[in-house]
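Asks: What follows is a structure written as structure tokens; I'll ask about it next.
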Ligand code: APR
């Protein structure tokens, strides 16, 4: 059975996306930081911080959910990626767990459209190619259970990396969707 490929690769600011849920690359406190975490907290407003205090943190590889508050997305799924060391500290397994935990939590809340940043590839230093392979493999695993799965890249370069990774992974006949900014 061929499935319609519902994975989109975008370049842009995830805080602007009007989807059911955006995923935040958070830290274990869930109380904000820099990068996409900082951007999401800035866009969502102070109520997000107050709400996240009630979540009492999050372990690496797990995910917790909040309302979107002032971002267009209805919900925010906060997940904590692994800090890259040298690849022998279960980094790949933990990053996979971030995507799976986020997808499973999204399914519990009937999320149909979801956007991910490139988790762990900024401050946490995960090599972009390896991280993209993990992200795309997880998205392909869940593609039949969502209307839209978006990889929201923050640079054209990252988007092209995701596209080449997706093209390498999908069977002939499925056409990856590449929607430029
Ligand atoms: N929209 C989409 N992607 C973004 C945005 C944005 N507004 N801002 C940054 N990014 C991208 C980065 O370019 C990178 O590709 O998100 C990816 C993840 O980078 P980070 O935000 O640095 O996240 P991560 O590497 O997982 O490190 C998490 O950084 O900000 C702190 O509190 C956070 O301690 C945590 C750590």
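Asks: Please go through (1) more than 15 Å from residue 108 (Cα to Cα); (2) in contact with a strand residue (DSSP E or B) (Cβ under 8 Å, 6 or more places away or on another chain) for residue 75 and return the number of the only condition it doesn't satisfy.
Replies: (1)
Asks: Further question: Within region 124-155, track down each residue that is out of contact with any strand residue (DSSP E or B) (no Cβ under 9 Å at 6 or more places or on another chain), more than 17 Å from residue 166 (Cα to Cα) and more than 13 Å from the ligand (Cβ to nearest atom).
Replies: Hit for region 124-155 is 145, nothing else.
Asks: Right, residue 119: closer than 30 Å to residue 47 by Cβ, in a strand (DSSP E or B) and either more than 9 Å from the ligand (Cβ to nearest atom) or within 14 Å of the chain's Cα centre (by Cα) (or both) or not?
Replies: Considered against the rule, which asks whether it is closer than 30 Å to residue 47 by Cβ, in a strand (DSSP E or B) and either more than 9 Å from the ligand (Cβ to nearest atom) or within 14 Å of the chain's Cα centre (by Cα) (or both), residue 119 comes out as no.
Asks: Give me the pairs, please: first residue somewhere in region 33-46 and under 13 Å from residue 73 (Cβ atoms), second residue anywhere and near the ligand (Cβ under 6 Å from one of its atoms), beta-carbon distance under 6 Å, and either six or more positions apart or on two chains.
Replies: Cβ pairs passing all conditions: 36/25; 36/117; 39/15; 40/15; 43/15.
Asks: With respect to residue 87, is the statement that it is over 20 Å from residue 134 (Cα atoms) and at pLDDT 95 or above true?
Replies: The answer is no for residue 87.
The values are calculated or read from the model by the stated rules, or taken from the named source; none is laboratory data. What you are looking at is a predicted structure, and each value in this text was computed from that prediction instead of being measured. Neighbour counts run over all protein chains shown; Cβ positions are idealised from the backbone, glycine included.
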